Amino acid sequence: MPTEVRSPITGDVIGSVSLASREAAAESIGRAHEAFLDWRQVPAPRRGELVRLLGEELRAHKASLAKLVTLEAGKIVSEGLGEVQEMIDICTFAAGLSRQLCGLTIASERPHHRMMETWHPLGVVGVISAFNFPVAVWSWNAALALVCGNAVVWKPSPKTPSTALATQALFERAAERFGGVPAGLSTVLVGGADLAELLADDPRVALLSATGSTAMGKALAPRVAARLGRSLLELGGNNAAIVCPSADIELTVRAVAFGAIGTAGQRCTTLRRLIVHESIHDSFVARLKKVYGAVAVGDPREESTLVGPLIDGQAFAAMQDALAAARGSEGVVTGGERVMVSGCENGYYARPALVEMPGQTDIVRRETFAPILYVMKYADFEEAIALHNDVPQGLSSSVFTRDMQEAERFLSAAGSDCGIANVNLGTSGAEIGGAFGGEKETGGGRESGSDAWRNYMRRATNTINFGNDLPLAQGVRFDIE
Ligand code: NAD
């Protein structure tokens, strides 16, 4: 069944794609499972070669795929390019990793015994992705899943299907150059929540990696848990930064601007709450207001634009509702109004909003996926940390300070409770080398670098007896005739 695809830039229809039926989706999962049975036997460094070739295809088509990201997700040019660069980076990382999928060798208490861990491929990995990173999220999962010996079935956001289909086409080119890739190793299923549910319920899907809102995670995770399957959840954030009296103000303003305004406030790591020391609060807010008033909002294809459109009218309405709620709690709002962009009258553009709040009210504790930055004051650093952590989400966080004690306290066990905690840089714009993800309602998953690959494999503990006796562990005796 075909469905229309719209660009948030103009609101116009830019094409149509076919939706996968539930029957076709179930068949794809079956084919992926068959592909996995072959692929798991291919040596891991050889599997890495396929991902290296995928990286080459992405390098060769970086500009055109980035253009599609801009057209379909509304990202400004450099962020569209950055998204594809991130895909290239994870392919480089994963190709190297394919020679390092190693386990421990462990000392045994029994004479002439050795223990070790072996990591094996897991099965079919289902990937569910959000509109705001329409292709990078797939690559964080797929590059690792493929070198780990798995097959991938991807259900992208129904708002960004063309970028997904283009990425799949690049994968197919890499697969053709590689030769002998089992059919169905990577599949795209275009559709909505019903297909995500199908992936969650199917026992052939060994791991469901789901990126999107906390509401989506709360709907899908129990379904995977009901069959005792594995899930990796990358859900909503409500990220904050603490600005201390010793902060480098110009650096902080730049970091706050990119974190809060960049990608039109539509990153999971977008800076949404700013906790500023009372001694610098007024001057800092005045400085920020200048930036907010001047930042170029417009067609993301223009080089000068820094803030593109919201994804759709619904996102704009959610932004207005949040601002109304903030006003209702004595928040003072600067900006936030619709910006009409010539030639893009059906797109939803908004001036980023700065909201001075008397405290952390209900609306501040919620993630609104739009460029709204709530600013609050603090007097005591411990109070700032308490405010920082007093939200249901736990993705990314920052402190701006030149005081070593404050920086270390923020990073300590009693500091930020997020999966990402930074010093003197913003909450967004992570690199692929580190593990990415967050705590609490953000879902607890970790993707991308470090040892996140272990999510995509199963661990076997092996004990080998190279002696002639059979000593039992813990000194147990079991002597038979
Ligand atoms: P969304 O939750 O509306 O959709 C994400 C995906 O889940 C889509 O593929 C959608 O079809 C599917 N989906 C949505 N609701 C579902 C349901 N009830 N049952 C089954 N499937 C469902 O999110 P979005 O608007 O596309 O993206 C924005 C959200 O994603 C924000 O909350 C943002 O913080 C989050 N996000 C998180 C990360 C991260 O790494 N933590 C990264 C990007 C986006």
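No value in this document is a laboratory result; all are computed from the given coordinates. Owing to the predicted nature of the structure, the values given are computational and were not obtained by experimental measurement. Virtual Cβ from ideal backbone geometry, glycine too; neighbours counted across all protein chains shown.
Annotations for the structure displayed:
- Counted by Cβ distance under 10 Å from GLY11, the other residues give a net charge of -2, where Lys and Arg count +1 and Asp and Glu count -1.
- Taking the DSSP bridge list for the chain and keeping only pairs wholly inside it, about 40 percent are antiparallel.
- Efficiency of FRET from Cβ geometry, LYS289 and GLU383, R₀ 25 Å, rounded to 0.05: 0.50
- Stretchable slack from ASN424 to ARG99, in nm (0.36 nm times residue separation minus alpha-carbon distance): 113.5 nm
- The distance linking the range 96-134 with the range 205-223 is 22 Å (Cα centroid to Cα centroid, whole angstrom).
- Added length on full extension, which subtracts the Cα-Cα distance from 0.36 nm per residue, ALA26 to ASP390: 126.9 nm
- The range 410-424 and the range 236-260 have their alpha-carbon centroids 14 Å apart.
- A full extension of the chain between ILE14 and LYS218 corresponds to an added length of 70.2 nm, given 0.36 nm per residue minus the alpha carbon distance.
- With a cut-off of 9 Å between beta carbons, the residues surrounding ARG223 carry a summed charge of -1, where Lys and Arg count +1 and Asp and Glu -1.
- Each of CYS268, THR427, VAL205 was scored by the projection of its Cα onto the charge dipole of the chain, and the greatest displacement toward the positive side belongs to VAL205; charges sit on the C-beta of Lys, Arg, Asp and Glu.
- Sequence-separation-based contact order of the chain, relative, with Cα cut under 8 Å and 6+ spacing, percent: 19
- Mean separation of Cα contacts under 8 Å (6+ apart) over length of the range 302-364, as relative contact order %: 36
- The DSSP beta bridges internal to the range 96-214 are antiparallel in roughly 15% of cases.
- Considering helices alone, the calculated mean residue ellipticity of the chain at 222 nm is -12000 deg cm²/dmol, with DSSP H runs of length four and up weighted by -39500 (n - 2.57) and normalised per residue.
- Where both bridge residues fall in the range 239-423, DSSP classifies roughly 20% of the beta bridges as antiparallel.
- Förster radius 35 Å - calculated FRET efficiency between GLU172 and MET116 (Cβ-Cβ, nearest 0.05): 0.40
- Radius of gyration and maximum dimension Dmax of the chain, Cα, Å: 24.3, 92
- Taking the convex hull of the alpha carbon positions in the range 239-423 and averaging its projected area over all directions gives 9.9 nm².
- Look at the alpha carbon pairs under 8 Å that are at least 6 residues apart: their mean separation over the length of the range 239-423 gives a relative contact order of 28 percent.
- Overall, the range 241-325 carries a charge dipole of about 120 debye about its Cα centre when +1 sits on the Cβ of Lys and Arg and -1 on the Cβ of Asp and Glu, all other atoms neutral.
- Among 374-386, 284-296, 90-102, the order from most to least packed when residues are scored by Cβ within 10 Å on average: 90-102, 374-386, 284-296
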